[in-house]
Every structure is written in C-alpha cells, then in structure tokens.
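Scroll down for the structure; my scribbles are underneath it.
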Amino acid sequence: MEKNASILVVDDDKEIADLVEIYLVNDGYQVLKASDGEQCLQTLKEHPEVRMLILDIMMPGIDGLEVCREIRKTSNIPILILSAKAEDMDKIVGFGTGADDYLTKPFHPLELLARVKSQMKRYTTIQLGEEQQSAGKDEIEIQDLTINKAAHVVKKNGKEVALTPIEFDILYLLASNRDRVFSTDEIFEKVWNEKVYEVNNTVMVHIRRLREKIEDNSRSPKILKTVWGVGYKIEG
C-alpha cells in the first residue's frame, strides 16, 4: 500500500461515508469525503494526490455513473462503486462506465478493505509501468491487436482502445498465456488478487465488456474465446 494514500469517499449518506472513513483511516489511509457528484469532481481537481475513489451511484444532481464517465475521460484512477443496487444489470452498467470494482451494501468491512488494497496495488503497478516504459518494448500482438504492457495501452488496427485497468489486466493475463484456459475463479484470483469465496459473475461481466471493445463481433468472438464448462482463453 502506498503510505498514507488518499482515498475520496463519495456518498450522500453521511453515516455510511463516516463508517467507510473509520475503516480506511484505521487501515492507514487518508480520507477525503464528498456528498454528491459535483463536489466529488471539484475535490478531485483540488486534490490531485487522491489515489482512489469509492463512489455511490444514487446521489442528487450528478449521479455516480456520470461521475465515473467524466473521470474516465482523463484518469485511470481506481474506482470502486459502493451501492445498494445489487442486480446484475446494475453491475454491468457500473463496469460499463469505467468502474474497476463493485461492492453492494450492506458490506463487510474486511471485504471493503481487501478490495481497496487490491485496487491500490494494481494502480501502483500501472504507474510504475508507465514510468519504466521503453519505446515499443514489451508488446504482444494478437491478430489485429497490439498490447503494450509497459504503456498499459491496447491498439486495434493501430487505433487505441479505451480499456479500464481491470479489462486490460484480464486481456494481458490471457494474451500472455496463449492457449491456456483460465476458469473464472482463476481469472478473479489472479487479477483481483483475492480468493474466491462465493460464486459471482464479476469476471463474466468484464469479459463481456472486453469483447465489445476488442472483437469485430462480440457475439462471435475470434480473439477471446469461451471454452464451455471450463473458462476462457486466447489462442496462439
């Protein structure tokens, strides 16, 4: 964990925001808070040191989804949605706006902290990779895709594809292990750096979004393939 890293908690429910703050501060993080989307965006402008965002969806004015879209125009900062909306479609929409993770209320504090640490670790790795980027090195080419690990950039036919950090990590995992089939549990544990304790469709949602971005036809994928009953793979 980045020492004393700052996290912005955005929720119009003061009790929840205060509770999340207590958990994070006790775990060594610095916390800023905002009660709506507009205040969130303003706080991010005033505090470039913020390293992660914990974001509610249902807020007055600018909602959490619109905030997420706006942030993704300029930043790959980790975004964890913390919402009472627990339906699969809500999660799909949340990931579609650029969120990296989605946790439903009510939540267990240890799970929240585990998700935060995982996202922080990933973000630090991304930043380090960008700093160490060397011209054109560390690239993987698959059909019409070029995947640059150091720059954290994916191009399709020479045009950059906007992937979230999670989508990139899933793609890179499969692309760097061609022909190996990964189960959804394996993908979750390697990308999220967490053990799987219950069945969920988080990986499948991200796979669906990833296909929409890298495949010519997401309903008939040529790159990221399903091995029915087993998992997913990218062929060599």
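Of the residues Pro48, Pro60, which single one is more than 21 Å from the chain's Cα centre (by Cα) and either at pLDDT below 95 or among the hydroxyl-bearing types (Ser, Thr, Tyr) (or both)? First the steps, then the outcome.
Details: Pro48 fails: more than 21 Å from the chain's Cα centre (by Cα).
Matching residue, one of Pro48, Pro60: Pro60.
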Quiz item: Give me the pairs: first residue in the stretch 215-236 and touching a residue at least 12 places away in the same chain (Cβ under 8 Å) and closer than 15 Å to Asp144 by Cα, second residue surrounded by fewer than 17 Cβ atoms within 10 Å (Cβ to Cβ) and among the basic types (Lys, Arg), beta-carbon distance under 8 Å, and six or more apart or on different chains, which are they?
Solution: Ile234/Arg178; Ile234/Lys225; Glu235/Arg178; Glu235/Lys225; Gly236/Arg178
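Being in a loop (DSSP other than H, G, I, E, B) and buried (at least 17 other Cβ atoms within 10 Å of the Cβ) is the filter here, so list the residues in the stretch 32-62 that pass it. Even if it seems obvious, please write down each step before you answer.
As a first pass, look at the stretch 32-62 and keep what is in a loop (DSSP other than H, G, I, E, B): 35-36, 47-49, 56-62.
Correct list: Ser35, Asp36, Asp56, Ile57, Met59.
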Quiz prompt | Check on Lys105, assigned by the TED database to the domain that holds Gln39 and either of a type in the set (Ser, Thr, Tyr) or open to solvent by less than 70 Å² (accessible area, probe 1.4 Å) (or both) | solution = yes
Quiz item: Within the stretch 189-218, which residues are over 20 Å from Asp179 (Cβ atoms), at pLDDT 90 or above and not in a helix (DSSP H, G or I)?
Solution: Asp216, Asn217
Quiz item: Taking into account only those residues within the stretch 114-157 that are open to solvent by 60 Å² or more (accessible area, probe 1.4 Å), part of a loop (DSSP other than H, G, I, E, B) and at pLDDT 90 or above, which is nearest to Ser75 (Cα to Cα)?
Solution: Asn157
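Considering only residues that are β-branched (Val, Ile, Thr) and closer than 15 Å to Met59 by Cα, which ones fall in the stretch 3-22? Lay out the reasoning, then the answer.
First pass over the stretch 3-22, keeping only residues β-branched (Val, Ile, Thr): 7, 9-10, 16, 20, 22.
Scanning the stretch 3-22 gives Val9, Val10, Ile16.
The values are calculated or read from the model by the stated rules, or taken from the named source; none is laboratory data. What you see is a predicted model; the values in this text were computed from it and never measured. No Cβ is skipped: glycine too gets one built from the backbone with ideal geometry, and neighbour counts run over all protein chains shown. When the accessible area is computed, the model is the full protein with side chains, heavy atoms only, and any ligands, DNA or RNA have been set aside. Shrake-Rupley method; radii C 1.70, N 1.55, O 1.52, S 1.80 Å.
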